Structure formats: structure tokens, C-alpha cells
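Everything below concerns the one structure shown next.
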Amino acid sequence: MRQLIIRADDLGYSEAVNYGIEKTVKDGLVSSVGLMPNMPVAEHGLKLLEGTHIALGQHTNICLGKPCANPDLIPSLLDENGYFHSSKAFREAYKEGRDIIELDEAVIEIEAQYLRFKELTGQDPDYFEAHAVISDHLVKALAIVANKYHLPFNDINPMVEEGTFRGKPIHTLPFGAFAKEYDPLSCLQDGILHHLSEEMPNVAIFHPGYLDDYILTHSSLTINRTKEVTMLTDIKTREWLNKEDIELINYKQANL
């Protein structure tokens, strides 16, 4: 049987996003959830998921909100107001061949977010990765912190399908949420029918959520989040996965 992890990123982004993720966990297919430790409503999201026995990951965030580390120690990551640079700023720099992230500063912030994750949850993350930023220095910094604390690093690049989890191969299905006419079910079905690996666990990454003022003013991914909530809680989606003989697992089970 082919294995698939259905993952929801961005717990803590906003209260509305938290409620949407809660819906997909309690009434749907999501069993692995990534927490943004630095965000003000991270604790709110965790309370909504109490008792759900999900795999809870650290969705390290260096492009939204304020840092967990002392701002004076990480100036390359912040704008003039002390907030992280936007993901757009990091993407534009990457396209130009520049990495605006200083490696040592990234290590400081990632470690601070890990310590905040432990403070909030009382546990180590079940998987360890990052949000929205493509950067060689960020990946190196994640690996440094993961190695220091023996964390289960999910090293994936959204631009490619092959990655690793705890140093072993893991496969990521194509991500289509920014498509103009996005249909989450069609995207998931296409990934499974044409891109699924038979040899290793697969990960389908979603960003389900409802909408509030914060998400509407701080993210380019809005309406499509609500579409994902609907798809991930639709019994027809589960029935189709069963028909295709897909075994749904979470990150803790992938580590067995």
C-alpha cells in the first residue's frame, strides 16, 4: 500500500487559519500540522488541537511577524520596524542569486523558535522544517539546529519532489495552491496518479484555513485556503483515496 502524509502548514498564522486547520484535523484527513512558534496566536491554535494526537511539527517562520530571538542579534532577517522581511523579499533576492539571510543569524532565530516550540508544547517537534522561504543559508541553519538537538529534519524544497526526512528519502507531491483556477481535489488526484512514489512515504502539503483581517492583509494565499478546508473534510476525498489504496500516515508513523 502506498503511503501518504497529508500535512497542514501555518498553525498560528491567524485565528481564522487555526480554526480551519482544526476543522481539517477533527473532521478531515490532516494528521500532521506545522506550528509557527513565533506567532502571537500559536498557543490559541494548540489549544484547538488538544487531544487530537497529531504529529506536530515546527514550521519555522522567518518571513512573518516578529522574531523569538533578540532582534539585535539577527539584523539581516528584519526590516526597519523589527519585523521579518516578507517572503516576497526573500524570493526576489533568491531569483537574483542573492541570499540575504546570514547563516549565523538564521541559526540564532531557528534555535530560539525551537525553544519557544518546546515552551508551548512541552515536547520536541515530530518533524522540523521551514515556511515559505527558499534559501541555501536557511536550509544549512535548519540542519545545524536539527543536528544540535537531534531533531527530525524534513529537508524539502517546494520546487523539487525529492527530499529527506531523518536522512531517509521522502517524496513531496507538487504544490498547486497558487494556481489561478486552483482545484485542491484535482491537484491531489493528479499528484497521486502521476507523481506518487511507490518506494518511499509521500507528503501532500496544504495550507487550510478560514479568513480574517490578518490573513487577508498578510498573505497572498487566501480563498484557496478555504477551498482546501472543504476538500480535506469531504467524505468523497477519503473515499477516493481508499479506492486508490492509499494508506494515510503521519510523520510519527513515517519514522517507524
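Here is the figure for segment 152-165: residues that are among the hydrophobic types (A, V, I, L, M, F, W, C) and without any contact (Cβ under 8 Å) to a residue 40 or more places away in the chain total 3.
Report, by residue number, each residue of segment 55-69 that is farther than 15 Å from residue 208 by Cα and either within 14 Å of the chain's Cα centre (by Cα) or free of Cβ contacts under 8 Å to residues at least 24 places away in the same chain (or both). Explain how you work it out, then say what you get.
First pass over segment 55-69, keeping only residues farther than 15 Å from residue 208 by Cα: 55-58, 60-69.
Result: 55, 56, 57, 58, 60, 61, 62, 63, 64.
Please go through segment 17-51 and give me each residue that is in contact with a Phe, Trp or Tyr (Cβ under 6 Å, 6 or more places away or on another chain) and closer than 20 Å to residue 253 by Cα, ordered by number. Of everything in segment 17-51, just one residue is in contact with a Phe, Trp or Tyr (Cβ under 6 Å, 6 or more places away or on another chain) and closer than 20 Å to residue 253 by Cα, namely 32. Touching a Gly at 6+ places or on another chain (Cβ under 9 Å), farther than 20 Å from residue 25 by Cβ and either touching a residue at least 24 places away in the same chain (Cβ under 8 Å) or of a type outside the set (S, T, N, Q) (or both): does that describe residue 191? Considered against the rule, which asks whether it is touching a Gly at 6+ places or on another chain (Cβ under 9 Å), farther than 20 Å from residue 25 by Cβ and either touching a residue at least 24 places away in the same chain (Cβ under 8 Å) or of a type outside the set (S, T, N, Q) (or both), residue 191 comes out as yes. Of these, 204, 179, which one is among the hydrophobic types (A, V, I, L, M, F, W, C) and in contact with a Phe, Trp or Tyr (Cβ under 9 Å, 6 or more places away or on another chain)? After ruling out the rest, the residue left standing is 204. Hey, among the residues in segment 122-150 that are touching a residue at least 60 places away in the same chain (Cβ under 8 Å) and in a loop (DSSP other than H, G, I, E, B), which one's farthest from residue 91 (Cα to Cα)? Across segment 122-150, the extreme among qualifying residues is 123. Can you tell me which residue in segment 142-169 is nearest to residue 4 (Cα to Cα), limited to those that are of a type in the set (A, V, I, L, M, F, W, C) and in contact with an Asp or Glu (Cβ under 8 Å, 6 or more places away or on another chain)? Among those residues, the one meeting the criterion is 165. Taken together, the residues in segment 57-116 that are within 19 Å of residue 218 (Cα to Cα), surrounded by fewer than 21 Cβ atoms within 10 Å (Cβ to Cβ), of a type outside the set (D, E, K, R) and in contact with a Gly (Cβ under 8 Å, 6 or more places away or on another chain) amount to 1. A Cβ distance below 9 Å, combined with a sequence gap of six or more or placement on separate chains, defines the contacts here; from segment 80-96, residues that are within 11 Å of residue 64 (Cα to Cα) and of a type outside the set (Val, Ile, Thr) reach residues that are modelled with pLDDT of 85 or more and assigned to a strand (DSSP E or B) in the pairs 84/78; 85/78. The C-beta contact set for segment 226-245 (first residue touching a residue at least 40 places away in the same chain (Cβ under 8 Å) and within 16 Å of residue 177 (Cβ to Cβ), second residue hydrophobic (A, V, I, L, M, F, W, C) and part of a loop (DSSP other than H, G, I, E, B), distance under 8 angstrom, 6+ apart or interchain) comprises 226/211; 228/177; 232/29; 232/30; 237/29.
The values are calculated or read from the model by the stated rules, or taken from the named source; none is laboratory data. All values reported here derive from a predicted model rather than from experimental measurement. Cβ: placed from backbone, ideal geometry, glycine included. Neighbour counts: every protein chain shown.
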